[in-house]
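Chemist: What follows is a single structure, and I will ask about it in a moment.
Each value in this text was obtained by applying a stated rule to the coordinates, not by laboratory testing. Just so we're clear, the structure is a prediction, and the values are computed from it rather than from any experiment. Backbone-built Cβ (ideal geometry, glycine too); neighbour counts: all protein chains shown.
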Amino acid sequence: MSMTNWAGNLTFGAARVHRPSTVDAVREIVAGAERVRVLGSGHSFNDIADTPSDLVSVAGLPAEPRIDATAGTVTVAGGVRYGELATFLDAEGLALHNLGSLPHISVAGAVATGTHGSGAALGSLATAVAGVELVTAGGELVRLERGDPDFAGSVVALGALGVVVGVTLEVRQSYTIRQHIFEHLPRKVLDARWDEIATAAYSVSLFTTWAGDTVDQLWLKLADGEEPDGFGAVPATRPMHPIAAMPAVSCTEQGGVPGPWHRRLPHFKLEFTPSSGEELQSEFFVARQDAVEAFAAVERLRHLVTPVLQISEIRVVAADDLWLSPTYGRDSVALHFTWIKDAARVEPVVAALEEALAPLSPRPHWGKVFHHAARPSRLADFLALRDRLDPDRKFSNAFVERHVAAE
């Protein structure tokens, strides 16, 4: 039986697919395999998890979240979905600093690829990681913690160091968020007041088709004490979906109604299955200070972009020190593109975008559709770490060799 990723644009070539229910079983599988890759929620759009050999899903490992009140952390199995973990934490009066737009993605998979939410002061989901437990090439169980010399290379690691079976995350006290939506933000206002807009709320997202002289929607997710400012946009009079023509029943509550963090920070509700996957996605990160120039570069290609685009999202992410992170060392603006599901039409547009953004040193989201990845500044350190943990390249695959290990 063939097995595909969430979007259905990739059929995995694995000879064997494993869904172990214990860490010991993971260790046995890894020790006996020649090549291994790990599958999270399958919400990647390229071959990052593909392998012709053994594919291991960690979704079957018991969640067993363990709170350490003294350290201010929770440890959870890598295959647990963020929405499930968030529900558990909120019941304990605790929270994470941020969540992605979808609560359905797995913790280990999101962390390994540098997946993020939005917020000028908020790092990617990986910045909450305080420790990782991974099964390395010989079946050994290794733990790396913040403060260890190799820790910053072991978090956003693309599955190239081992199978992540446990993740320890920093937690904080639970908090409330209010979500306000505005429509038709003038493009000239976005350019003129970019810094104000990017920092206008705890979390800020803009949705646009790049087709006109306005940004379709401005989503402000406000913490206590913050007040909504639409910057000349019009307050929405009905619940909104990022794609305005679609029903908003799957979206988290809006209209300024206060609610728990985990029911406002994602755009979509956990109890609703995300769309059927009839899409492809790309995302590129540039320095936040270069955002206006990046917007202009995309708009110059609108004749190519809009015919194959469903919606584009603009978010901001704080810098981090994780070696392979797309936001390593610079506060970033992330330009996300949800395309139609037609690779033959989409991939030339992605190539044109990469070329147009090249002067701004764009970095791709590791789990989405792209062609080129700039050499990370700490790549030599990462490859040295890989040499120590996986000298025989058991966890490598075509994606890793193409985008990370290639000289």
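Chemist: GluC sites (Glu not before Pro), restricted to the range 95-196: which are DSSP loop and have at most 15 other Cβ atoms within 10 Å?
Modeler: The qualifying sites are Glu140.
Chemist: Run the numbers on the range 66-174 and let me know its relative contact order in percent, using alpha-carbon pairs under 8 Å that are six or more apart.
Modeler: About 34 percent, as a whole number.
Chemist: Rg and Dmax in Å for the range 176-364, alpha carbons only: what are they?
Modeler: Every Cα atom of the range 176-364 included, Rg and Dmax give 16.2, 48 Å.
Chemist: If you don't mind, another one. In a solvent-free Debye calculation with one equal scatterer on each Cα, what is log10 I(q)/I(0) for the chain at q = 0.08, 0.12, 0.14 Å⁻¹, listed in the order of the q values?
Modeler: Those come out to -0.40, -0.94, -1.30, one per q.
Chemist: Right, here's the next one. At R0 = 25 Å, how high is the FRET efficiency between Thr70 and Arg143 if r is their beta carbon distance? Nearest 0.05 is fine.
Modeler: Step by step, r from the Cβ atoms, then E = 0.90.
Chemist: At a threshold of 8 angstrom on Cα-Cα distance, excluding pairs fewer than six apart, so keeping six or more, what relative contact order does the chain reach in percent?
Modeler: Relative contact order, the chain: 18 percent.
Chemist: Dimensions of the range 16-57 along principal axes (Cα, Å, largest first)?
Modeler: Largest first, the range 16-57 extends 30, 20, 12 Å along its Cα principal axes.
Chemist: Can you give the charge dipole size of the range 176-364 about its Cα centre, rounded to the nearest 20 debye, using +1 on the beta carbon of Lys and Arg and -1 on the beta carbon of Asp and Glu?
Modeler: With Lys and Arg at +1 and Asp and Glu at -1, about 300 debye.
Chemist: Which order do the peptides 262-272, 310-320 take when ranked by the mean count of other beta-carbon atoms within 10 Å per residue, highest first?
Modeler: Ranking, from highest mean packing down: 310-320, 262-272.
Chemist: So between His371 and Ala358, what do we pick up on full extension, going 0.36 nm a residue minus the alpha carbon distance?
Modeler: Gain on extension, His371 to Ala358, equals 3.4 nm.
Chemist: Just rank Val234, Val204, fewest to most, by other beta-carbon atoms within 10 angstrom.
Modeler: Sorted ascending by nearby Cβ count, the order is Val234, Val204.
Chemist: Please give the net charge around Val346, taking every other residue with its beta carbon less than 14 angstrom from that of Val346, where Lys and Arg add +1 and Asp and Glu add -1.
Modeler: -3
Chemist: Placing +1 at every Lys and Arg Cβ and -1 at every Asp and Glu Cβ, with all other atoms neutral, what dipole size does the chain have around its Cα centre, in debye to the nearest 20?
Modeler: 420 debye
Chemist: Also, quick follow-up: Could you work out [θ]222 nm for the chain from helices alone, using -39500 (n - 2.57) per DSSP H run of at least four and dividing by all its residues? Round to the nearest 500 deg cm²/dmol.
Modeler: -5500 deg cm²/dmol
Chemist: While we're looking at this one, here's another question. When a/c is below 1.5 the answer is rounded, else prolate if a/b is larger than b/c, else oblate, so apply that to the range 240-342 with a ≥ b ≥ c taken from the square roots of the Cα gyration tensor eigenvalues.
Modeler: oblate
Chemist: Put a dot 7 Å past each Cα toward the Cβ at Asp224 and Asp24; how far apart are the dots in nm?
Modeler: Between Asp24 and Asp224, the label points sit 4.7 nm apart.
Chemist: So how do Arg288, Arg402 line up by other beta-carbon neighbours within 10 Å, fewest first?
Modeler: Arg402, Arg288
Chemist: Once you charge only the Cβ atoms, +1 for Lys and Arg and -1 for Asp and Glu, what is the size of the charge dipole of the range 66-174 about its Cα centre, to the nearest 20 debye?
Modeler: The calculation lands at about 180 debye.
Chemist: Then there is this: Give the lysines whose C-alpha is closer than 30 Å to that of Lys188, dropping any in the same chain fewer than 8 places away, or say none.
Modeler: Straight-distance partners of Lys188: Lys221, Lys368.
Chemist: Report the extension gain between Ala351 and Asp381 in nm, rounded to one decimal, defined as 0.36 nm multiplied by the number of residues separating them, less their alpha carbon distance.
Modeler: So the chain would gain 7.9 nm between Ala351 and Asp381.
Chemist: What span do the alpha-carbon atoms of the range 97-137 cover on each of the three principal axes, reported in whole Å from largest to smallest?
Modeler: 37, 21, 13
Chemist: Taking the Cα centre of each part, how many Å lie between the range 259-331 and the range 1-26?
Modeler: For the range 259-331 versus the range 1-26, the Cα centre distance is 27 Å.
Chemist: Just to be sure I understand the model, the point goes 7 Å from the Cα along the line to the Cβ. What's the resulting Glu278 to Glu34 distance in nm?
Modeler: 4.1 nm
Chemist: Determine which residues of the range 42-72 fall in the zone a paramagnetic label at Ala405 would reach in this model, i.e. backbone nitrogen under 18 Å from the point 7 Å along Cα→Cβ.
Modeler: Those under the cut-off are 47-56.
Chemist: With contacts defined as alpha carbon pairs under 8 Å and 6 or more residues apart, what's the relative contact order of the range 327-407 in percent?
Modeler: 21 percent
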